[in-house]
Amino acid sequence: MKDTFYITTPIYYVNDVPHIGHAYTTVACDVIARYRRLRGEKVFFLTGTDEHGQTNLRAAQQRGLKPQEWVDQIVPQWKEVWERLEISYDDFIRTTEERHGRSVQDFVQRLYDAGDVYLGTYEGLYCISCEEFKTGSEILDGQLCAIHKIPLERVQEQNYFFRLSAYQDRLLKLYEEHPEFVRPETRMNEVVAFVKGGLQDFSMSRTSFDWGVPIPWDPKHVVYVWVDALFNYITATGFGVDEQRFRSIWPADVHMMSKDILRFHAVFWPAMLMSAGLPVPRSVFVHGYLLVGGEKMSKTRLTGIHPFQLTGHFGVDAYRYYFLREVPFGQDGSFSWESMAARYNAELANGLGNLASRILAMAGSYFGGVVPEPSSREGSGRLREAATALVGRFPAHMEAFQLSDAVGALDGFVREANRYLVEVAPWNLAKDEGRRQDLADSLYASLEALRLIAVFASPVMPGASARLWAQLGIAEQLSAQYLPRAAQWGLLEPGTRTSKGEALFPRLDD
Ligand code: ME8
């Protein structure tokens, strides 16, 4: 039986190196995966690379390489980015792996055996970057792709077709019974309108090139790259190899992506799963586009920004924080150096970083770095109330995929804690020997606030949280903290030895 929270990123084309758009999806999934682990859930977080098809083939040809040579060269550059961004994936799937080819063949054979595949001829305009035939408003004047603004290519081929048209009613029933299948709701409305408009069968094989998985009953054809790609989500769960594992993970809880590939996930994918007699995913979540100059950032259009261009300046934690905080999750958002620098200084350097260094410095000067004994572990007052709000809001937002609100709740708590310090002014209490217990109470509460910040920030900024945790000197590992217990007020043990350490977020030079 299913016992694992399963989250996926799209598997990315490797026609080039990643840009911050790919990293946006991957970081968001990582934050959700880490949050679920923090709740003590079993998690399977999958990412990987989509290596077949024409877009990758052409990238190889342009460099005078065989496609396998090219993908083998470029995939390590993707992995390097994910490693640097502290992406805690549980598996990385490459569609050129043997395990994947085998399951794609099993899968298309099932569709064939179900009577949903037939031979036909197709002619249409194809976008190589989308790996998709285009019709109607998807074609701009001059026969350009509306997404990539590159010329479409006229393709005519004898292909195997998947009988998508036979699934219209079953898909509409799925959407009706599971309104959470596509989120946000506006995206669901688009999908429903598209399916109600009538579905055409789609071609699921190619004969004009051989860079792909051969169709098992007719190996002159290779499987269409999108059918091949979607199936990664099931290959990695052990489908056809380890039935028990497959059942413990599948169906996916959420496939994350932006709207460019929604139709494949919300229409083609469930229809093929239904045909194969397999359960459909629980949900597809569509976040917005990162825009540069008002347009979707893209490799093809040379507007891609490599994540390392930003992590070099701001560090990995701030990088992860910024995009989630800045862009309401589900809406489009623009990146700018100015807004990133402004948030970094306001919320991380002057906000969280300054809070931590002030509190730890005071613990050092007034109590020799040792957590003082409070008059009560229950806590009271403004900071305690703010903590209760954080503990309620952060998980609620995370579970609803309101990532910017979850990060906003954390920032709100940091602000409250800074206000609390100004209000109680421990530096004044310290001047009055008679108020030693008040000083101890205020510092205990402040240190306890830092403990909560480290716990709640850990899915978002794992590195900075671990450094803060180390400065707090808590014996138990941060990775051994689980919600809801770790969110209880008063767990910090008096007597714990803290240390000031290096600034979490050094101020940036102009
Ligand atoms: O479509 N803003 O791969 P892909 C936000 N291989 N997200 C962006 C983005 C942007 N400007 N640009 C890209 C493919 N993304 C297929 C997927 S899955 C079975 C096969 C992210 O390399 C976003 O998640 O073109 C988008 O859906 C994905 O990268 C497309 O990646």
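Listed values, structure above:
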read-out	value
Pair list, Cβ under 6 Å, 6 or more apart: the stretch 112-128 residue farther than 28 Å from residue 145 by Cα, other residue among the small types (Gly, Ala, Ser) and surrounded by 14 or more Cβ atoms within 10 Å (Cβ to Cβ)	114/275; 116/275
Matching residues, the stretch 33-54, being of a type outside the set (Lys, Arg) and either open to solvent by 10 Å² or more (accessible area, probe 1.4 Å) or closer than 22 Å to residue 247 by Cα (or both)	33, 38, 40, 41, 43, 44, 45, 46, 47, 48, 52, 54
Filter pass, residue 282 being away from the ligand (no atom under 15 Å from the Cβ) and either surrounded by fewer than 20 Cβ atoms within 10 Å (Cβ to Cβ) or modelled with pLDDT under 95 (or both)	yes
Filter result for residue 199 (in a helix (DSSP H, G or I), at pLDDT 95 or above and more than 16 Å from the ligand (Cβ to nearest atom))	no
Number of positions in the stretch 366-387 that are assigned to a helix (DSSP H, G or I) and touching a residue at least 12 places away in the same chain (Cβ under 8 Å)	8
Close pairs (9 angstrom Cβ cut-off, 6 or more residues apart or separate chains): small (Gly, Ala, Ser) in the stretch 161-184, open to solvent by 10 Å² or more (accessible area, probe 1.4 Å) anywhere	165/198; 165/199; 165/200; 165/201; 166/116; 166/199; 166/201; 166/275
Residue that is farthest from the ligand (Cβ to nearest atom), among those in the stretch 1-14 that are at pLDDT 95 or above and open to solvent by 20 Å² or more (accessible area, probe 1.4 Å)	3
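Residues are listed down the side, and each one gets a yes or a no for (1) away from the ligand (no atom under 16 Å from the Cβ); (2) open to solvent by less than 10 Å² (accessible area, probe 1.4 Å); (3) modelled with pLDDT of 95 or more:
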site	(1), (2), (3)
309	no, no, no
316	yes, no, yes
322	no, yes, yes
330	no, no, yes
340	no, yes, no
358	yes, no, yes
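Residue-wise test of (1) at pLDDT below 95; (2) aromatic (Phe, Trp, Tyr).
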residue	(1), (2)
352	no, no
363	no, no
366	no, yes
378	yes, no
389	no, no
443	no, no
452	no, no
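The values are calculated or read from the model by the stated rules, or taken from the named source; none is laboratory data. Please read all numbers here as calculations on a predicted model, not as lab measurements. As a convention, Cβ positions derive from the backbone with ideal geometry for all residues, glycine included, and neighbour counts pool all protein chains shown. Quick note on the areas: whole protein, heavy atoms, side chains included, nothing else; ligands and nucleic acids left out. Shrake-Rupley method; radii C 1.70, N 1.55, O 1.52, S 1.80 Å.
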